[in-house]
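Okay, structure first, notes after.
The values are calculated or read from the model by the stated rules, or taken from the named source; none is laboratory data. A quick note: this is a predicted structure, and the numbers were derived from the prediction, not measured. For neighbour counting, all protein chains shown are included, and Cβ atoms are generated from backbone atoms with ideal geometry for every residue, glycine included.
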Amino acid sequence: MADLRNTFAGIRSPNPFWLASAPPTDKAYNIHRAFEAGWGGVVWKTLGEDGPPIVNVNGPRYGALLTPDRRLLGFNNIELITDRPLQLNLDEVREVKRAWPDRAVVVSLMVPCTEAAWKAILPRVEDTGADGVELNFGCPHGMSERGMGAAVGQVPEYIEMVTRWCKQYSRMPVIVKLTPNITDIRVPAAAAKRGGADAVSLINTITSIMGVDPATLTMSPSTGGRGSHGGYCGPAVKPIALNMVAAIGRAPETAGLPISGIGGVGNWRDALDYIALGAGNVQVCTAAMVYGFKIVQEMVDGLSDYMDSMGFATTADFQGRALPTVTEWQHLNLNAVSKAVIAQDLCIGCGRCHIACEDTSHQAITATKDGKRHFEVIEAECVGCNLCVVVCPVPECITLRTLDAGEVDARTRQPVAAEAADWTGHPNNPMRALPA
Amino acid sequence: MVMHPDTPSAPGPPMEQRFMSSDTLSVTSSATSSVTSPVTSSVTSSPTSAAAAASGPQTGSDIRPGRRSAAQIAEALSDSAPRLTATQALVEAERCLYCFDAPCMHACPTGIDVPSFIRRIADHNLRGAARAILSANPLGGTCARACPTEVLCEQVCVKVAQEDRPVAIGRLQRFATDAVMDQPVTALFTRAAPTGKRVAVVGAGPAGLTCAFELAKRGHSVVIHDALQRGGGLNEYGLASYKMAGGFAQAEMQWLMGIGGISLQTGWRLMVAPQLDMLRDAFDAVFLGLGLARTPRLGIAGEDLAGVRDAVSFIAELRQAVSPAALPVGRRVVVIGGGMTAVDAAVQSRLLGAEEVHLVYRRGPAQMSASGDEIEWALKNGVHIHHHLAPVEFIAHADGQALQAVRFARTDGTSAEDVTLPADTALRAIGQQLDLMALEGSGLRIEGGRIQADAEGGTGVPGLYVGGDARAGGRDLTVEAVEDGKRAAIAMHAELTGR
């Protein structure tokens with residue numbers, strides 16, 4: 001059996017699945033249940049500074065993008081940071097960590113952007129025995145209007161400054177949680193690193209409006225007739241997050257900085273994606289909010305089973321393994337040629353590949369053969385774009401075949417070259433490097 | 001195969017065994033008797049039938065009402081496939097792949113754009129879904145209930161290849177069409193400005209109703225003439241109760257007539273050709289949706305015995321009964337035929353409490369015009385199905401008045417010995433015929449007992465069109481009658497407006 005034990009930024013946990021800072025980690029009651037279910041760690045829902053409690057709306061805090069049969073694709077929230085007293089949370093952090101010494105208990109923090117505020121709260125957290133802190137520089141709604149959360153995360157200088165204070169006033173590992181609501185994730189990640197961060201976690205939620213109620217023509221979700229943008233997460237955001245994780249892993253300035261992958265992790269495959277692209281662990285929220293805490297058991301079992309089948313002893317065996325396969329478009333091998341192949345014995349005859357290709361792509365799939373309904377790739381037209389593979393409802397029915405070197409591409413009538421060649425040296429590229 | 005829990009079963013030993021033990025019966029053996037028998041081991045006896053069985057051999061025919069309680073019968077005759085819930089419909093709609101040039105669309109005689117209407121259900125656009133259905137098939141509500149979808153749209157659904165289970169197109173169609181019935185038809189369709197043209201439609205069945213609706217939509221005014229008290233034709237009188245529960249035929253007809261410009265004259269029967277001439281004089285065009293009103297006799301001995309009747313009249317009586325529990329039903333019923341009417345009559349006999357129901361067909365399973373699902377439904381309801389048996393004689397009781405049994409000859413040559421099935425009621429379901437007498441001298445060409453016409457229903461007689469079962473060349477499906485009515489309306493419109 002694979003060993004799923006995990007050490008992230010010096011923090012140990014029995015598996016790499018942590019619950020992200022969010023409603024599920026608001027209090028001891030939930031977290032005891034989460035640990036009983038098998039979660040490796042939690043990031044306690046963000047604590048703010050001492051004072052009058054945070055106020056939430058009393059209408060809908062959540063919205064969702066659902067399929068017609070109500071499977072959840074995306075999820076949106078406007079809940080603020082914890083609305084419970086600071087001391088109560090701190091007492092519960094202490095109690096939970098004592099009860100579950102083998103689990104990771106990290107505390108998410110968000111206080112005003114002043115040295116005094118951070119200096120005040122850090123010792124109180126450290127005193128609980130918590131394993132580390134995560135700086136919430138990502139929350140995109142509500143708190144950001146007050147100069148916190150994403151408002152800090154969007155200014156690299158603030159990130160660096162606050163991270164430095166945290167390292168200065170605490171011995172705990174510091175994880176900086178990044179907002180995706182920026183143009184280039186590498187910049188805030190580098191700022192965190194410069195400030196001394198032990199790790200970054202990403203992504204926080206994406207600013208979003210879920211839709212409009214067709215009857216009332218008010219945005220949704222709305223409370224009292226008006227709504228405010230929320231933070232978007234869930235399965236739909238994973239590709240965005242993966243790209244950001246890979247970008248940080250590939251940037252020379254931040255390469256090697258531990259990354260906690262967040263965004264749309266609902267099963268072991270999602271965790272695999274993050275880890276193979278360099279993440280050291282993953283954080284989960286939406287899947288738990290949809291299915292309850294038990295879902296971690298399927299994640300753990302699935303990842304363990306995958307690792308056994310691949311012969312991986314620990315996650316380190318495949319962590320970052322996919323990262324070198326990520327590159328810029330200009331470095332893609334333009335000599336590699338793929339053609340779609342339709343397995344006729346699997347084809348159910350829906351014709352979606354044909355109409356997608358016919359209407360929107362390259363007219364490379366037949367609709368009939370000898371007067372009968374028949375879908376077949378016309379290799380002379382196929383550019384290997386993958387659209388038919390994507391729209392086919394039958395798994396493995398349509399696949400892409402990479403032509404062997406020397407094989408003739410029916411479209412270009414040219415033999416496939418054995419050697420790779422990319423845009424940087426392509427004759428059509430006016431910027432190409434010319435031979436010396 | 002599972003016995004329907006609500007249906008009564010025969011007490012005592014399995015029926016086949018009882019036939020064997022009877023002296024009056026000559027059955028070779030169960031292995032060669034080509035009998036498809038339902039499970040008869042799980043027996044639940046009702047007090048009355050148990051008493052009847054205990055009283056020994058029957059001495060007279062046993063036809064009486066109230067074999068089951070009114071509540072049991074009402075339940076049994078209610079919707080066999082109720083409307084999907086909104087959740088069920090959405091989940092089912094999601095299964096549709098929105099195929100290119102969808103096979104289901106081509107398999108539908110009326111060419112309903114199935115992927116479009118299903119997508120609109122998924123999109124919460126139920127009126128749009130209904131409009132997609134009803135613009136191709138105004139009787140989409142009836143067809144959703146009565147169509148043998150398993151041999152039409154659902155047979156060719158690609159989901160059969162993928163999951164061995166088609167998208168439930170018929171039930172989704174019902175969901176969408178039912179959803180708009182509380183709105184006037186004018187919320188979906190607008191009637192064109194009146195053209196001043198008047199059309200007579202003969203027969204208020206599926207063909208006639210569709211033709212009338214499509215003509216009215218185009219601005220013509222239509223008078224539908226029908227022989228019976230209520231319009232609807234087979235929808236009202238001929239389909240099984242459990243297919244058209246809740247008075248649907250009348251509701252649908254009234255709803256469609258809401259388009260305006262249609263009036264219905266009942267009690268008008270086409271009996272002689274001069275009536276046709278009168279219609280042609282009084283109207284700008286005439287559509288004949290006569291159906292097949294004549295029920296032929298078998299022409300064998302004993303056909304006039306009490307207890308021998310047509311399946312269609314039995315079904316019509318049941319459909320019109322205010323209290324079905326008051327309808328007399330035989331304890332043992334033999335239905336002769338192999339089509340959907342035979343199945344409907346057999347199953348409804350069972351549901352009304354008949355203890356033994358035998359559906360007897362003269363040819364093999366492959367020749368039965370009832371679909372596989374219909375056969376399954378019959379078996380599920382405890383109907384015994386026999387093949388390769390042709391009726392020879394209706395045998396009377398000692399009184400010489402009432403039916404006691406039906407004797408059949410084997411048609412497959414497996415044995416020279418006849419088979420005799422005891423029966424209180426025998427229902428003929430051997431198909432209906434066009435009443436040719438009424439058409440004598442009309443100038444209409446007859447082909448195979450039906451009226452010859454082109455694809456648009458044109459008879460060759462100017463201004464005279466035909467569609468539905470009366471027209472030669474169809475499969476006697478409701479949905480084909482609808483298509484006939486629609487096509488004829490389009491052709492008549494072109495002729496009437498000179499376009």
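I'm told A:ALA316 meets every condition in (1) more than 14 Å from every other protein chain (Cβ to nearest Cβ); (2) free of Cβ contacts under 8 Å to residues at least 40 places away in the same chain; (3) within 28 Å of A:ALA236 (Cβ to Cβ) except one. Can you identify the failing condition by its number? (3) is the only condition that A:ALA316 fails. Checked against the criterion of being away from chain B (no Cβ under 14 Å) and either buried (at least 16 other Cβ atoms within 10 Å of the Cβ) or free of Cβ contacts under 8 Å to residues at least 40 places away in the same chain (or both), the candidates A:ALA150, A:ALA120 yield just one match: A:ALA150.
Of the residues making up the stretch A:227-241, those that are surrounded by fewer than 23 Cβ atoms within 10 Å (Cβ to Cβ) and under 22 Å from A:ALA199 (Cα atoms) are A:LYS238, A:PRO239, A:ILE240.
Among the residues examined, B:GLY247 qualifies as surrounded by fewer than 24 Cβ atoms within 10 Å (Cβ to Cβ) and within 23 Å of the chain's Cα centre (by Cα).
Residue-level check: of (1) surrounded by fewer than 17 Cβ atoms within 10 Å (Cβ to Cβ); (2) assigned to a helix (DSSP H, G or I); (3) within 14 Å of chain B (Cβ to nearest Cβ), A:ILE355 misses just (1).
All conditions but one from (1) over 28 Å from B:PRO184 (Cα atoms); (2) within 11 Å of chain A (Cβ to nearest Cβ) apply to B:ALA107; the one that does not is (2).
Considering only residues of the stretch B:120-131 that are crowded, with 19+ Cβ neighbours inside 10 Å and basic (Lys, Arg), which is farthest from the other protein chains (Cβ to nearest Cβ)?
Residue satisfying both the conditions and the ranking: B:ARG131.
Taking (1) within 14 Å of another protein chain (Cβ to nearest Cβ); (2) under 13 Å from B:ASP178 (Cα atoms) in turn, B:ASP101 satisfies each apart from (2).
Taking the conditions exactly as written (free of Cβ contacts under 8 Å to residues at least 60 places away in the same chain, under 24 Å from A:ALA117 (Cβ atoms), within 23 Å of the chain's Cα centre (by Cα) and surrounded by 16 or more Cβ atoms within 10 Å (Cβ to Cβ)), does A:THR179 satisfy them or not? Here the answer is yes, as A:THR179 does meet what is asked. Within the stretch B:430-439, the presence of at least one residue that is over 30 Å from B:PHE283 (Cβ atoms) and either without any contact (Cβ under 8 Å) to a residue 24 or more places away in the chain or within 28 Å of the chain's Cα centre (by Cα) (or both) is confirmed.
Of everything in the stretch B:187-210 that is within 23 Å of B:THR478 (Cα to Cα) and not hydrophobic (A, V, I, L, M, F, W, C), the residue that is surrounded by the fewest Cβ atoms within 10 Å (Cβ to Cβ) is B:THR210.
In the set (1) within 14 Å of chain B (Cβ to nearest Cβ); (2) more than 23 Å from A:LYS238 (Cα to Cα), the condition left unmet by A:GLY59 is number (1). Apart from one condition, A:PHE75 fits all of (1) outside any strand (DSSP E or B); (2) aromatic (Phe, Trp, Tyr); (3) more than 17 Å from A:LYS177 (Cα to Cα); the exception is (1). Note on the stretch A:387-404: among residues that are within 14 Å of chain B (Cβ to nearest Cβ) and touching a Leu at 6+ places or on another chain (Cβ under 7 Å), the one that is surrounded by the fewest Cβ atoms within 10 Å (Cβ to Cβ) is A:GLU396.
Rundown of residues vs (1) assigned to a loop (DSSP other than H, G, I, E, B); (2) modelled with pLDDT of 95 or more; (3) of a type in the set (Gly, Ala, Ser); (4) within 18 Å of B:ALA345 (Cα to Cα), yes/no style:
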{"site": "B:ARG363", "(1), (2), (3), (4)": "yes, yes, no, no"}
{"site": "B:GLU376", "(1), (2), (3), (4)": "no, yes, no, yes"}
{"site": "B:LEU379", "(1), (2), (3), (4)": "no, yes, no, yes"}
{"site": "B:GLU393", "(1), (2), (3), (4)": "no, yes, no, no"}
{"site": "B:VAL406", "(1), (2), (3), (4)": "no, yes, no, yes"}
{"site": "B:ALA409", "(1), (2), (3), (4)": "no, yes, yes, no"}
{"site": "B:ASP412", "(1), (2), (3), (4)": "yes, no, no, no"}
{"site": "B:ALA416", "(1), (2), (3), (4)": "yes, no, yes, no"}
{"site": "B:THR420", "(1), (2), (3), (4)": "no, yes, no, no"}
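In the stretch B:292-316, the qualifying residues are those that are over 14 Å from the mean Cα position of the chain (by Cα) and without any contact (Cβ under 8 Å) to a residue 60 or more places away in the chain, and the one that is nearest to B:GLY208 (Cα to Cα) is B:GLY299. For the stretch A:141-154, the criterion of being in contact with a strand residue (DSSP E or B) (Cβ under 7 Å, 6 or more places away or on another chain) and assigned to a loop (DSSP other than H, G, I, E, B) is met by at least one residue.
Taken together, the residues in the stretch B:461-478 that are outside any loop (DSSP other than H, G, I, E, B) and either surrounded by fewer than 24 Cβ atoms within 10 Å (Cβ to Cβ) or of a type outside the set (Val, Ile, Thr) (or both) amount to 6. Within the stretch A:93-116, if we keep just the residues that are more than 21 Å from A:ASP198 (Cβ to Cβ) and outside any loop (DSSP other than H, G, I, E, B), the residue that is nearest to the chain's Cα centre (by Cα) turns out to be A:VAL96.
Taking A:LEU90, is it at pLDDT 95 or above and assigned to a strand (DSSP E or B)?
no
For the residues B:THR48, B:THR44, B:THR59, the requirement of being more than 14 Å from chain A (Cβ to nearest Cβ), modelled with pLDDT of 50 or more and over 28 Å from the mean Cα position of the chain (by Cα) singles out B:THR59.
Determine which member of the set A:VAL341, A:VAL383 is more than 30 Å from the chain's Cα centre (by Cα), more than 13 Å from chain B (Cβ to nearest Cβ) and in a strand (DSSP E or B). Step through it out loud before you land on a result.
Details: A:VAL383 fails: in a strand (DSSP E or B).
The conditions single out A:VAL341.
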